[in-house]
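Structure record follows, encoded as structure tokens.
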Amino acid sequence: MIKHPTGAPGDEKYRPQFHFTPSRNWMNDPNGLLFYKGKYHLFFQHNPQANVWGNMSWGHAVSTDLYNWQELPVAIACTETSGIFSGSVVVDHNNTSGFGTTENPPIVAIYTEHQNDESNQSQCLAYSVDEGLTFTKYEGNPVLDINLPNFRDPKVNWIDGQWIMTLALPQEFKITFYSSPNLKEWTHLSDFGPAAEVGGIWECPDLFQIGDKWVLIVSLNPGGFQIGSGTQYFVGQWNGKEFIADDVQTRWIDFGRDNYAGVTFSNTGDKRIFLGWMSNWDYAAKLDSQVWRGSMTSPRELQIIEVANELFLSALPIAELKTAHDYNFAISHDEDSEITISDGDEKVVIHFNSATKTISVDRSNAWFSQFEEKIQTTSPITLENFTIRLLLDHGSLELFVPEAAVALTCLHTLPASSTVLQKTAKR
């Protein structure tokens, strides 16, 4: 585990036990998620100097199991005039960039350089030839600049013999696609959007294949299913040039308030592992913390499942994730069910309403009184019987309905060891 400055992680109130947090200071979006030579690399938006947003740089941590993390020095640092915003990392196995060799392929970071005067955002490269420990900024930066103040969050994948960059045009509610043979020269292919939810700026896209389908993830803030931040997704096809959605109805990867800017790890083969920032821009900078601020969701494996003749993206904790505070409850469609998580006078109440078929989470009695709060609710679940799975950690709750591809993530003020009880009653 990370060695925290105040001792063991459990010594700090709300410090998670198995969700990644920086040892000190501010963290938001996950960046450059990568698996290489037995290690998972997590880069993240980080302020190395304070526990509020600013001095945006890429923090770095590694893990062999996505559970125990070793935090490393800052990977890519900001400058006096620019910040290092979100992006991705790839292994250039064929050395198309020329930054390494085929025997020692370079690890290449593609990130947004944000001018602090907010005049421009452009896409830049940094490369590593020591397995991601240190990075050198490319002398030819930027590699993609179209003179826009909002043009960011490049997610790059090797698809059908070329590099594909998926980018956000935040204020136009569009995702734009570019191709390159070498990561240095980029050609515009197409745009997707506006579509579905446009109540906030579009950010942090990700394009990937699961089986014979393609998925496009788009985060937006505000405009989430609850208040503030949220992440939607589209299912469809990629034809080598454009993403074509099967439909543009709204689908949420998470119905809670605290799962934002999530993307998937690269270089993991057919397995798609997702990690999100476990917070909400409505209150992220004001959460109670003296040393650190920000945590990640549990790592989740993405799969497409069919529910009532529709395809949905399922996001469940990876099978390797083991914790003592993992609970499963059987739910019947004709029976109200209430699950209470409590510690003294504080409690979170989860309720399945057999009339509306929805699950609600009320954290108002285990939350900060200065923040606006409302009960968080899922979409209706029409299955006759299903499971509610709860994953608890200090200060967080992750709820899953595996059979319905439903997730709801929210922060709270309870310890992981809180008492968990279920009551049921026929309606």
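Things to note:
- Semi-axis lengths (Å, descending) of the ellipsoid that matches the C-alpha gyration tensor of the range 188-321: 25, 18, 14
- Dividing the mean sequence gap of close Cα pairs (under 8 Å, 6+ apart) by how many residues the chain holds gives a relative contact order of 12 percent.
- Using a probe radius of 1.4 angstrom, the carbon and sulfur fraction of the accessible surface of the chain is 47%.
- Once the Cα-Cα distance is subtracted from the 0.36 nm per residue extended length, the L421 to A330 segment shows a gain of 31.5 nm.
- Looking at the chain, the accessible area is 38 square angstrom per residue; that uses a 1.4 Å probe and ignores ligands, DNA and RNA.
- Alpha-carbon spread of the chain, three principal axes, descending order, Å: 66, 51, 40
- Of K184/K322; K271/K426; K271/K423; K39/K184; K39/K322, those spanning more than 30 Å from alpha-carbon to alpha-carbon: K184/K322; K271/K426; K271/K423
- Using a cutoff of 8 angstrom between alpha carbon atoms and counting only pairs six or more residues apart, the relative contact order for the range 1-123 works out to 18 percent.
- The range 295-343 - Kirkwood radius from inverse mean 1/r over Cα pairs (Å): 14.1 Å
- In order along the range 149-162, the Karplus-derived 3J(HN,Hα) couplings, from 6.51 cos²θ - 1.76 cosθ + 1.60 at θ = phi - 60°, round to x, 9, 7, 8, 6, x, 10, 10, 9, 8, 10, 6, x, 8 Hz, and Gly and Pro are given as x.
- Rounded, prolate or oblate (a/c below 1.5 giving rounded, otherwise prolate when a/b exceeds b/c) for the range 54-187 by Cα gyration tensor: oblate
- The range 272-347 - percent relative contact order, Cα under 8 Å, separation 6 or more: 23 percent
- For the range 51-75 and the range 353-424, distance of Cα centres in Å: 28 Å
- Whether the range 255-403 is rounded, prolate or oblate, judged on the alpha carbon gyration tensor where a/c under 1.5 counts as rounded: oblate
- Candidate aspartates and glutamates for bridging to K347, where Cα separation is under 17 Å - those fewer than 8 sequence places away on the same chain excluded: E338, D362, E373, D393, E398
The values are calculated or read from the model by the stated rules, or taken from the named source; none is laboratory data. Quantities reported herein were computed from a predicted structural model and do not represent experimental measurements. Areas reflect the complete protein model, heavy atoms only, side chains present, ligands, DNA and RNA absent. Shrake-Rupley method; radii C 1.70, N 1.55, O 1.52, S 1.80 Å.
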